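> First, the structure itself, so that you have it in front of you.
Readers should treat all values here as calculations from the given coordinates under stated rules, not as data from a laboratory. Quick caveat, the model's predicted, so the values are computed rather than measured. All Cβ positions, glycine included, derive from the backbone under ideal geometry; neighbour counts span all protein chains shown.
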Ligand SMILES: NC(=O)c1ccc[n+]([C@@H]2O[C@H](COP(=O)([O-])OP(=O)(O)OC[C@H]3O[C@@H](n4cnc5c(N)ncnc54)[C@H](O)[C@@H]3O)[C@@H](O)[C@H]2O)c1
């Protein structure tokens, strides 16, 4: 397949592209604006492949996207470009409205025009796969409740509200115009190349630097963690075998309290990086409780039964195995982290088709 991926320089998009190039024969065009979250160094392992191309641009640039679609002739578009950090959405929601809602609308219109011009066979085979989050469902209060594909939407943050809006647009473009779409809603991802402002890499890097490990509120918020490479495998399964118009929840069956995640990271660091900053006896001593995030969701947990039953996908990593790989990856790739932290990763060149 020829697959146009939006947001392919981000955390999940780059994992997906590495998987597509290294484990399949598909061809990939990566359209990414390279916001602060886009990092071409995360694509370095595959950037020389003749099956991979990068173009810097905005999903809301209708003329550019239309030109790329016409030239590249994709069989599928996988849409991952988004503003994705909840804390940033609280400080400045405008970019979230612009990219996640207006940008998705613009992409839908560009893709619809392209799709209408395809011959009948290619039109029937074409897929627009919209990648979304379990945060659109709000939070769960019962200890046994799980998000299913029919859980009503009840987003809490500007981020999750903007993703919910984009899901509604995508669904409407299928119902109204017949665009062959697929939607996936996934739980929290973790793994290599994760931007250091997110919980797991932030804790690893702060601990190594002897800095406080800030835990929101009492740290009892529960998240369902999925190793990013398991997510990439799930996305490939959905775009190639999913039923048009369907939603699939993707989750790792790994519910963990935030505080327990931080403690697990500290325990792994005791084993893998025992030489600590002189100021501390144990990495756990760095844990510091900070004022809770406004509107903080208490618990997310996914019922991933549908994708398991219908498409045969199951995660390959447990939380223990995935977290160990992740901590080891950060220890082995401190240069990548340093270039993100000092901003030098942004000296990246523009791409051409
Ligand atoms: N990270 C998670 O745990 C998680 C979980 C479930 C779903 N998701 C969803 O998966 C998708 C990818 O998440 P991520 O964690 O990789 O995000 P990310 O922030 O790491 O990457 C987003 C990418 O999109 C690009 N981008 C932003 N605005 C753009 C625009 N207007 N035009 C083109 N490119 C643009 C950025 O440069 C960046 O490379 C998002 O849609 C997110 O909502 C994320």
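> Can you put 86, 244 in order of Cβ neighbours within 10 angstrom, beginning with the fewest?
If I rank by nearby Cβ atoms, fewest first, I get 244, 86.
> While we're looking at this one, here's another question. When the chain is fully extended, how far beyond the present Cα-Cα distance does residue 285 get from residue 218, taking 0.36 nm per residue of separation?
In short, 22.5 nm is gained.
> Quick check: residue separation of residue 23 and residue 275 times 0.36 nm, minus the Cα distance between them. What number comes out in nm?
Length gained, residue 23 through residue 275: 87.0 nm.
> Return the ratio Rg/(2.2 N^0.38 Å) for the stretch 89-194, where Rg is computed over Cα atoms only.
1.21
> Let me ask something additional. Which percentage, to the nearest 5, of the DSSP beta bridges contained in the chain is antiparallel?
Restricted to the chain, the bridges split so that about 10 percent are antiparallel.
> How far, in degrees from 0 to 90, does helix 228-241 lean away from the longest principal axis of the Cα atoms of the chain, to the nearest 10?
On a 0 to 90 degree scale, this one is about 20.
> Follow-up question, since we're still on this one. May I ask you to sort 35, 288 by Cβ crowding, counting other Cβ atoms within 10 Å and putting the fewest first?
With the fewest neighbours first, 35, 288 line up as 288, 35.
> May I ask for the percentage of alpha-carbon pairs in the stretch 182-238 that lie more than 13 Å from each other?
Cα-Cα pairs of the stretch 182-238 separated by over 13 Å account for 68 percent.
> At 0.36 nm per residue, minus the direct Cα-Cα distance, what do residue 122 and residue 177 gain on full extension? Give it in nm, one decimal, please.
Gain in length upon complete extension: 18.2 nm.
> Once both axes come from the Cα atoms, what is the angle between helix 11-23 and the longest principal axis of the chain, in degrees from 0 to 90, rounded to 10?
70
> So, one more: Above 25 Å lies some portion of the pair distances; for the chain, what is it as a whole percent of all C-alpha pairs?
Of the Cα pairs, 52 percent sit more than 25 Å apart.
> Let me know the shape class of the stretch 1-81, please: from the alpha-carbon gyration tensor, a ≥ b ≥ c as square roots of the eigenvalues, rounded when a/c is under 1.5, otherwise prolate if a/b is greater than b/c, or oblate.
oblate
> I need the shape label for the stretch 11-167. Rule: rounded when a/c is under 1.5, else prolate if a/b > b/c, else oblate, with a, b, c from the alpha carbon gyration tensor.
It comes out prolate by the Cα gyration axes.
> Obtain the radius of gyration and the Kirkwood radius of the stretch 240-351 from its C-alpha atoms and give Rg over Rh.
With Rh from the inverse mean 1/r over Cα pairs, Rg/Rh is 1.06.
> Could you please rank 345, 190, placing first whichever residue has the fewest other Cβ atoms within 10 Å of its Cβ?
Neighbour counts put them in this order, fewest first: 345, 190.
> Output the 0 to 90 degree angle, nearest 10, between the alpha-carbon long axis of helix 62-72 and the longest principal axis computed from the alpha carbons of the chain.
For 62-72 against the chain, the angle is about 80 degrees.
> Packing-wise, with mean Cβ within 10 Å as the measure, how do 181-189, 272-280 rank, highest first?
Ranked from most to least packed, the peptides come out as 181-189, 272-280.
> Return the calculated 222 nm mean residue ellipticity for the chain, to the nearest 500 deg cm²/dmol, obtained by summing -39500 (n - 2.57) across DSSP H runs with n ≥ 4 and dividing by the residue count.
-12000 deg cm²/dmol
> Starting from the Cα gyration tensor of the stretch 112-167, take the square roots of the eigenvalues, sort them a ≥ b ≥ c, and report rounded, prolate or oblate (rounded when a/c is under 1.5, otherwise prolate if a/b is larger than b/c, else oblate).
Prolate.
> Which whole-number percent is the relative contact order of the chain (Cα, under 8 Å, 6+ apart)?
Relative contact order here is 19 percent.
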